[in-house]
Amino acid sequence: MTLRTDHAAGGVFVAFGLVVLAISGDLPFGTLSFPGAGMMPKLTAGALMFFGLMLIVRARENSPLAGIARGDFWHAARVTAITATAIALYRSLGFIVTMTLLLFALIFGTERRHPLYAGVFSVGVVLLTYVLFTHALKTPLDAGIFGF
C-alpha cells in the first residue's frame, strides 16, 4: 500500500479528535434541550474524526506522500509558526491588533503578496469582522493592551 497525503492528514485529524475527546471527557454532555459544557467539544471532535476517516477512505484519489515537494513543508511550518505566535499574543494584544498582524504576516510573509494589498486586505477584513461580532452579534472580543 502506498502512503498518500490524505492518509497522513486524515490520521492527524483523527488523532487530534481523540485528544479533544480525552481532554473534554470530564465535561457533561447534557441534552439537546439543555446542552452541557462538553457538548460542543465532543461534537466537534466527532465531526473531526469522521471527516478524517473520510479522508483516509478516499486517499487513493490523492498523490503519494513521497511526492510532496520539500517547499511545501517549509510553507506549512511558516504558517504554523505565525499562527502559534498569534495565539500566544491574542490575550495581550487583543483581537484587532493580533488578527491584523496575523493576516498581514500570512499574506505578505508567507504568500509573498504586495505589502500594500496585504495591509489593506488585513485591516479591512479585521475591521469588518470586528464590527460584525461587536455590533451585529453583540459578542465582545478581547480588547488587549491598547484598549481596542
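Assorted remarks:
- Surrounding net charge for residue 121, when Lys and Arg each add one and Asp and Glu each subtract one, Cβ distance under 13 Å: 0
- Nearest-10 value in Å² for the accessible area of residue 113, using the 1.4 Å probe: 140
- Across the chain, the relative contact order, built from alpha-carbon pairs under 8 Å that are at least six residues apart, equals 22 percent.
- Ranking 15, 127, 114 by how far each Cα lies toward the positive end of the dipole of the chain (charges on Cβ) leaves 114 at the top.
- Under 5 Å, built H, 5+ apart or other chain: amide partners of residue 4: 65
- Centre-to-centre, using Cα atoms only, region 81-136 and region 11-75 are separated by 26 Å.
- Each residue, residue 53 and residue 141, gets one label point 7 Å from its Cα in the Cβ direction; the gap between the two is 3.7 nm.
- Along region 86-96 the Karplus relation, 6.51 cos²θ - 1.76 cosθ + 1.60 evaluated at θ = phi - 60°, assigns HN-Hα couplings of 5, 5, 5, 8, 4, 5, 7, 8, x, 5, 4 Hz to successive residues, with x for each Gly and Pro.
- Across region 12-20, computed HN-Hα scalar couplings (Karplus, 6.51 cos²θ - 1.76 cosθ + 1.60, θ = phi - 60°) run 5, 5, 5, 5, 5, x, 5, 5, 4 Hz from first to last residue, x flagging Gly and Pro.
- Calculated [222 nm] ellipticity per residue, helices only, for the chain: -20500 deg cm²/dmol; basis is -39500 (n - 2.57) per DSSP H run with n ≥ 4, divided by all residues, nearest 500.
- These residues, 7, 75, go from largest to smallest accessible area, 1.4 Å probe, as 75, 7.
- Residue-level accessible surface for residue 141, protein heavy atoms, 1.4 Å, Å²: 40
- Among (i) 8.3; (ii) 9.5; (iii) 12.2, the entry that matches mean projected area of the Cα convex hull in nm² as calculated here: (iii)
The values are calculated or read from the model by the stated rules, or taken from the named source; none is laboratory data. Bear in mind that the values here come from a model prediction, so they are computed numbers and not experimental data. Cβ atoms come from the backbone with ideal geometry, glycine included; neighbour counts cover every protein chain shown. The accessibility values were calculated without ligands, DNA or RNA, using every heavy atom of the protein model including side chains. Shrake-Rupley method; radii C 1.70, N 1.55, O 1.52, S 1.80 Å.
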